[in-house]
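Coordinate-derived values only; no laboratory data. Being a predicted model, the structure only gives us computed values, none of them experimental. Note: ideal-geometry Cβ built from the backbone for every residue, glycine included; neighbour counts use all protein chains shown.
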Amino acid sequence: MTEPGSTPDDPVRDMLRRLRVFDTDLPRFQPDQTPADPLALFTEWLAAAIMAGVPEPHVMSLATSDADGHPSSRMLICRGVDPPGRWFFASSSTSRKGRELAACPHAALGFYWPRQGRQIRIRGQATAESAERSAADFLARSTESRVEGLVGHQSAILADPADQPAAITEARARIAADPDLVAPDWTLYGLLAEEVEFWQGDRDRQHIRLRYHRTGGEHTGRQWAKERLWP
């Protein structure tokens, strides 16, 4: 029987079928011994990923949607977390992600560390931080990252590829002349998590999913509750 979406001679399907998953030693996860706060468990898993040599463990996906509910996602770098349960990332407010967050602040983040068979999914609302915090994030970046941010035009159509190196040269010169220069549209965002899910893969497919979610109303302290989910 031919699989849905494939043809009898489907090279992509054949390549996919030959790939292995969880072809490594996976860490153990005991959800009954987890902390009450998901930030503590995130920190523990991130440290374990770094110690295990997971490539770029700070890279995460960001999913947003426009005013009509049409989704888009991309990969970017986590800039930090804080005790209230906010995960931080930065971008131009005029980029596609910036425009979509302005129209709909609900967003989702995702980490995936294949060497450990681990995923972390985070859902909540993203809001822009102050101009001072955004500027501090910009100035803490490498020179090339600041050049890229100053060039801007992210997600805009590049009609002439020759415009890109010229814009980079101009931005590099501006930063050399003024090292404290900050791109005016650069924005640090904080996503306040309403839900954080930890997923531990298992070779025998007895995967473990642990979800934290906030309880209580806006003025009652908003405590975390956690529960196991079917994999």
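PRO105: net charge of surrounding residues, Cβ under 14 Å, Lys/Arg +1, Asp/Glu -1, itself excluded? Don't skip to the end; give the middle numbers.
Values: positive: ARG86, LYS97, ARG99, ARG123; negative: ASP66, GLU100, GLU129, GLU194.
Neighbourhood net charge equals 0.
What residue among ARG20, ARG123, ARG86 has the largest mean-square fluctuation in a Gaussian network model of the chain, using Cα springs under 10 Å?
Highest fluctuation of the listed residues: ARG20.
With an 8 Å Cα cut-off and a minimum separation of 6 or more residues, compute the relative contact order for segment 127-231 in percent.
24
In square nanometres, what is the average projected area of the Cα convex hull of the chain?
So the mean shadow area of the Cα hull is 17.7 nm².
Across 10 Å bins from 0, what is the distribution of all Cα-Cα pair distances for segment 68-108, in whole percents?
24, 56, 20, 1
Using a ≥ b ≥ c from the Cα gyration tensor of segment 118-202 (square roots of the eigenvalues), is it rounded, prolate or oblate, where a/c under 1.5 gives rounded and otherwise the larger of a/b and b/c decides, a/b for prolate?
prolate
Where does segment 81-129 land on the Kirkwood hydrodynamic radius, alpha-carbon pairs, in angstrom?
Hydrodynamic radius (Kirkwood, Cα pairs) of segment 81-129 is 12.3 Å.
Mind jotting down a quarter of the surface of the convex hull over the alpha carbons of segment 19-101, in square nanometres, one decimal?
That works out to 8.2 nm².
Please state the relative contact order of the chain as a whole percent: Cα pairs under 8 Å, 6+ residues apart?
Computed over the chain, the figure is 21 percent.
Taking +1 at the Cβ of each Lys and Arg and -1 at the Cβ of each Asp and Glu, which of TYR112, SER155, ALA176 sits farthest along the dipole of the chain towards its positive end, judged by Cα position relative to the Cα centre?
TYR112
What whole number of Å gives the distance from the Cα centroid of segment 21-68 to the Cα centroid of segment 124-149?
So the two Cα centres are separated by 24 Å.
Suppose every Lys and Arg Cβ carries +1 and every Asp and Glu Cβ carries -1, with no other charges. What dipole size does segment 11-134 come out with about its Cα centre, to the nearest 20 debye?
440
By the scheme Lys and Arg +1, Asp and Glu -1, what is the net charge of all other residues having a beta-carbon under 15 Å from that of ASP25? The partial results should precede the final answer.
On the way: positive: ARG20, ARG28, ARG115, ARG118, ARG203; negative: ASP23, ASP202, ASP204.
Local charge sum for ASP25: +2.
At a 10 Å Cβ-Cβ cut-off, how would you order ASP178, ASP204, fewest neighbours first?
Listed from fewest to most nearby Cβ atoms, that is ASP204, ASP178.
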